Amino acid sequence: MTRRGDVRAPWGLVVLAGVGGVFFALPLLGLLSRVPWGEIPTVLGDSSALASLRLSLIASSAATAISLLIGFPLAWLLARVDFPGRGLVRGLVLLPLVLPPVVGGAALLFALGRSGLVGGPLYRATGVVLPFSMWGLVIAVTFVAMPFLVITVEAALRNLDGRHEDAAAGLGAGRWRVLRRITIPMIYPSLVAGLVLTWARALGEFGASITFAGNLPGKTQTLPLAVFVALEGGDPAAEVLSLLMVAISLLVLVVLRDRWLAR
């Protein structure tokens, strides 16, 4: 039996793979060549940059928690229950993956804005305004990021060997106990992968957040929005903040994958 490490790839495949690797590495090299390294401490010590970083971390973490709370049950339902309209529900869940983020933000505005389908009655009843607020920011990034968790967990549940769950149920374990003790541990790597992808996508969200939550410094201006403003003004902080986002995302994706997904 041939091990994966012993497989010799065709040269043509290696060359094409190398081109693919360069394609992804080249933008990063371009960014590194433009970073004003001597100004990094000044930029990162600026209060506005720190505020944008704080908002990005809060919003992406909140989006990940919300996605786990409601996205996991949704993934389980799509994977395990055959109900009328399941294909339509799955399509709606995955729609943010292909929808232009600005369009997603506009749709949120039409639904949850002060005069929106749900936002209008909510505002008249409670005075709560979701757009251009921290909650609006969390909603926007959750909308575009949660599909990554749903699609990852649903695929894991569909591919899960159900014999262990059936055996536990046959021994008298209730549904919740089977879910906690059998199902979740068996799909744990996929669940972590979905959560990491959700967090990383939420951290980098731009279009939906600027459309629905605005770009208010200290209130809804996340790191991607701060980069956009700096680029428009020719501020060298754009390169520094971009490098910071790349470093955070790459660190999370690499370190968490090696420590958790390899288990």
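Scan the range 173-206 for residues that are among the aromatic types (Phe, Trp, Tyr) and outside any helix (DSSP H, G or I) and report the count.
Summing the residues that are among the aromatic types (Phe, Trp, Tyr) and outside any helix (DSSP H, G or I) in the range 173-206 gives 1.
So which of Ala59, Ala75, Ala111 ends up being under 28 Å from Ser242 (Cα atoms) and modelled with pLDDT of 95 or more?
Step by step, each of Ala59, Ala75, Ala111 is checked, and only Ala59 is under 28 Å from Ser242 (Cα atoms) and modelled with pLDDT of 95 or more.
Give, as residue ranges, the helices (runs of 4 or more DSSP H) completely inside the range 2-74 that count at least 3 residues that are under 23 Å from the mean Cα position of the chain (by Cα), surrounded by 11 or more Cβ atoms within 10 Å (Cβ to Cβ) and in contact (Cβ under 8 Å) with a residue 40 or more places away in the chain.
Passing ranges, in order: 47-66.
Tally the residues that are over 24 Å from Gly136 (Cα atoms) and either free of Cβ contacts under 8 Å to residues at least 12 places away in the same chain or part of a helix (DSSP H, G or I) (or both), restricting the search to the range 207-243.
Adding up the residues that qualify gives 10.
Every residue, every condition in (1) of a type in the set (Val, Ile, Thr); (2) over 20 Å from the mean Cα position of the chain (by Cα); (3) at positive phi; (4) surrounded by 15 or more Cβ atoms within 10 Å (Cβ to Cβ), yes or no:
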site	(1), (2), (3), (4)
Ile139	yes, no, no, yes
Ala155	no, no, no, yes
Gly162	no, yes, no, no
Arg175	no, yes, no, no
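When you check Val93 against the structure, is it under 16 Å from Arg158 (Cβ atoms) and either touching a Pro at 6+ places or on another chain (Cβ under 7 Å) or modelled with pLDDT of 95 or more (or both), yes or no?
Taking the combined requirement at face value, the residue satisfies it.
How many residues are over 16 Å from Pro41 (Cβ atoms), surrounded by fewer than 15 Cβ atoms within 10 Å (Cβ to Cβ) and among the aliphatic types (A, V, I, L, M) if we restrict to the range 217-253?
Matching residues across the range 217-253 total 3.
Could you tell me whether any residue of the range 166-177 is at pLDDT 85 or above and over 30 Å from Trp135 (Cα atoms)?
Within the range 166-177, none of the residues are at pLDDT 85 or above and over 30 Å from Trp135 (Cα atoms).
The values are calculated or read from the model by the stated rules, or taken from the named source; none is laboratory data. Note that the structure is a prediction, hence the values are computed from the model and not measured. For neighbour counting, all protein chains shown are included, and Cβ atoms are generated from backbone atoms with ideal geometry for every residue, glycine included.
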